[in-house]
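Notes follow once the structure below has been shown.
The values are calculated or read from the model by the stated rules, or taken from the named source; none is laboratory data. Computed from a predicted structure; not experimentally measured. Reconstructed Cβ throughout: ideal geometry from the backbone, glycine too, with neighbour counts over all protein chains shown.
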Amino acid sequence: MIGLIAATLRVATPLIFGTLGELFSERAGILNLGIEGIMLLGAFVGFATTYSTGSLWLGVLAACIVGIMAGLLMAIMTVYFGVNQHVSGLGITLFCTGLAYYAFRVIFGTPANPPQIQPFMQTEFLADVNILGPILRQYPLTYYAMLLVPVVWWVLYRTNFGLNIRAVGENPEAADAAGINVYRVRTISLMIAGGFMGVGGAFLTLSTLGFFTFDIIAGRGWVCIALVIFANWNPIRVLWGAFIFGGVSALQLRLQLTGINLPYELFLALPYVVTIIALTIANRNAAYPAALLKPYKRE
Amino acid sequence: MNAVQMLNITKKFGDLVANDNVNFDLRKGEIHALLGENGAGKTTLMRILYGLYRADSGEIWINDQPVQINSPRDAINNGVGMVTQHFTLVPPLSVAENIVLGAVKGFTLNPKEIEKSVAEASEEYGITVKPSALVRHLSVGERQRVEILKALYRRANVLIMDEPTAVLVPQEVDGLFNSLKQLVEKGLSVIFISHKLNEVMAICDRVTVLRGGRLVGTVERAGTSEKDLAVMMVGRETFGVERQGIKETGDPVLTVDHLSLTDEQGIDKLKDITLEVRHGEVLGVAGVSGNGQAELVKVLTGLQKPTNGQIILNAIDIAGASPSAITIAGMGRTPEDRHAGVVGELTVEENLALESLEIYLNRGVLDRKKIRKQAIEMIADYNIKASPEDKVRTLSGGNMQKVVMARSLSRNPSCVLAAQPTRGLDVGATEYVRGKLLEQRDRGAGVLLISEDLEEIMELADRIAVIYEGRIMGVIPAAEATEESLGLMMAGVTEHN
């Protein structure tokens, strides 16, 4: 049981980063379907940076920066040119995915064994605390993810900038008439969002795996988009959504090991099925940001 | 001393000249009306002053200094505030959050502190608001107060009010006027955009009249009269439609019996509505916007199924029937949003044929020649300024409305449903549309006129029903109705049985 909780937190970490990023972007009125690609690019850039510099934290930083750049690109398309958000988001995903593949081939060629780095170690400093020790034995980024949840809540609800974000996501005309630069607020939100997504992707290469594969994200970006809806755009509820998905993922691994005679694909599908069910139940009263998907242009 | 001067302002939208070399000045401490019909360019001029549009040419002076206003932020910094017709509030945010939005410095935001500061401002200016309430829970009148306080909180000393009374019931209007008078005593200058002469005469010091984007003139209120202003506004002595005396009305053509509608959230939108429209009469349904009018139209035209009740049209129960079945049963519809009544990408002739495709069918294929022939006739009959091949989206609002009416009236419906038929139309088109409705009445059709324009209702209707929060507050003969009695019913204060 303790092991299961610990694993849940591990699996939830990249989802928390990704979902908080998507939440930022959607609260500002932009659906960022680029998340899947930005996470993959973050995973790759983080890995490649650490591979060449040997520094894990430099890898995290590089993933964050490349995510911010991707967010800026999304902002240029959707905020300044008013391009359809579905199209530009999917475009970003295709572009970032292609870029990651291409760069991998250029840098590493086609090795028989994937290049490896030494990933983050799990923290030991709290490992001796009686029964909670194994739960608290986590990667540093997991701690940061947990910390980020209240921070995002605070920014959204207790800062001026957060008020501006909520206003431009609900009624950009009102924000504009109140003297807020809608374009700038949306752009900054998308850049912050991209940074979170990049780090979320990098967690997978830099913490859990230690190498990069092309299917490393495996739809986690899309799950994040579902979790934002599940969370009803509330950062605190993001945590519960990520825990449900993480918990079922951790559980299905253990179920596979029990030797029940079922095709393993069924177990793999379980977290996604549970997400769909949870989403269906939670989505009844979803309070979408009113300006989501609507480009803003002053007449 | 001038608070604002606008010199030779010109603004074009494509081919349309919205403001043509307009001059306007506002003295300190006055209420200055900007009067004109819909489309006269009043709002455009003020949106330029507030930085929402940029003028193509012209100058703006504030406090006798030339200024550049490129965005609302510039306007706010120059002490100009605007309460637009469609409120610019963020409904899920609190009153305090809406008011401080973009107006406070610093990084953090403490809800208690902003609520306190808004409460102080509310006290200072004598405008009552509840700082912690969410805007989406407020009534229209309350939202308007939030908008005014929002402008004052930003230290506005010039306040632009764009048709502030359009959304209010008469009693709320009095409250607004009192607030404005008090604020002017404290040194505020107010620009009051309106097309209602009585309001302008009631509170303004001077009046500037615009017509067709041009300045007609500026006059002192003391030296003018409603009649003079009307002449300036429309450019001729008489206006309004000629109305025949009330005729003998016949049997009911449309009977709405205990109709109710509950939406998905379980909110009652229509509550036990009972109405009767007789042959040869206009039944007006008056009410403030958003009191169930849109839902009533949807149910009557088959776009929504009622929860309960019957709708009898020519002895057939059409409750829950499809829109085409209702059309065939004898209903002619002019929907609330004329853009929803036409298909913009289709041509005028295609739109004209759309509701009666069955008569143009020849062995399953549309007879384009017949469509063209009919279209040419209808275009001539209804004075539509367009050719049969023009795409409808290129037409002006008035011509689009004529297409909608030509299509439904050409079927000679026994019941004509007209929802907000003249909203946003210029005077000529408005007169035309109203004339057509009366023509239908005289032909013996029953006309159900649903309108938020009280003057229109009083001018056209033979009997007037008032709708408030989805309920019919009463039905009274037009001859007995006064603006005051209707206003009280529209506000839900009195009922008439």
Of the residues in segment A:207-220, those that are part of a helix (DSSP H, G or I) and either in contact with a Phe, Trp or Tyr (Cβ under 6 Å, 6 or more places away or on another chain) or at pLDDT 95 or above (or both) number 1
Test: residue in segment A:238-254 that is buried (at least 22 other Cβ atoms within 10 Å of the Cβ) and either within 14 Å of another protein chain (Cβ to nearest Cβ) or outside any helix (DSSP H, G or I) (or both) = no
Exactly one of B:R211, B:R143 is within 14 Å of another protein chain (Cβ to nearest Cβ) and either in contact (Cβ under 8 Å) with a residue 40 or more places away in the chain or exposed (fewer than 15 other Cβ atoms within 10 Å of the Cβ) (or both), and that one is B:R143
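Residue under question is B:I312, and the condition is that it be of a type in the set (A, V, I, L, M, F, W, C), surrounded by fewer than 19 Cβ atoms within 10 Å (Cβ to Cβ), at pLDDT 90 or above and assigned by TED's automatic domain parsing to the domain that holds B:L425; does it hold?
yes
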key: Hey, B:E349 surrounded by 13 or more Cβ atoms within 10 Å (Cβ to Cβ), at pLDDT below 90 and either assigned by TED's automatic domain parsing to the domain that holds B:R393 or of a type in the set (K, R) (or both) or not   = no
Suppose the filter is basic (K, R) and buried (at least 21 other Cβ atoms within 10 Å of the Cβ); does A:R27 pass it? yes
The condition of being over 26 Å from B:L254 (Cβ atoms) and touching a Gly at 6+ places or on another chain (Cβ under 7 Å) holds, among B:R441, B:R411, B:R393, only for B:R393
Picked from segment B:61-77 (must be within 11 Å of another protein chain (Cβ to nearest Cβ) and either of a type outside the set (G, A, S) or farther than 18 Å from A:A178 by Cα (or both)), the residue surrounded by the most Cβ atoms within 10 Å (Cβ to Cβ) is B:P72
Mind checking whether some residue in segment A:38-48 is touching a residue at least 24 places away in the same chain (Cβ under 8 Å) and within 19 Å of A:P289 (Cα to Cα)? no
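Residue by residue, here is whether (1) touching a residue at least 24 places away in the same chain (Cβ under 8 Å); (2) among the small types (G, A, S); (3) touching a Cys at 6+ places or on another chain (Cβ under 9 Å) holds:
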position: B:N98; (1), (2), (3): yes, no, no
position: B:E115; (1), (2), (3): no, no, no
position: B:I127; (1), (2), (3): yes, no, no
position: B:S132; (1), (2), (3): yes, yes, no
position: B:H137; (1), (2), (3): no, no, no
position: B:L149; (1), (2), (3): yes, no, no
position: B:A166; (1), (2), (3): yes, yes, no
The residue that is nearest to B:K227 (Cα to Cα), considering only those in segment B:178-203 that are of a type in the set (A, V, I, L, M, F, W, C), in a helix (DSSP H, G or I) and in contact with a strand residue (DSSP E or B) (Cβ under 9 Å, 6 or more places away or on another chain), is B:L197
Filtering segment B:85-112 for residues that are touching a strand residue (DSSP E or B) at 6+ places or on another chain (Cβ under 6 Å), facing chain A (nearest Cβ under 7 Å), in a loop (DSSP other than H, G, I, E, B) and of a type outside the set (A, V, I, L, M, F, W, C) leaves a count of 0
Out of (1) away from chain A (no Cβ under 14 Å); (2) in a loop (DSSP other than H, G, I, E, B); (3) over 26 Å from B:A202 (Cβ atoms), the one B:A121 does not meet is (2)
Query raised in the report: Does A:A178 qualify as being under 17 Å from the mean Cα position of the chain (by Cα), within 30 Å of A:L293 (Cβ to Cβ) and crowded, with 24+ Cβ neighbours inside 10 Å?
Result: no
Condition set part of a helix (DSSP H, G or I) and basic (K, R), scope segment B:4-60, selection surrounded by the most Cβ atoms within 10 Å (Cβ to Cβ): answer is B:K42
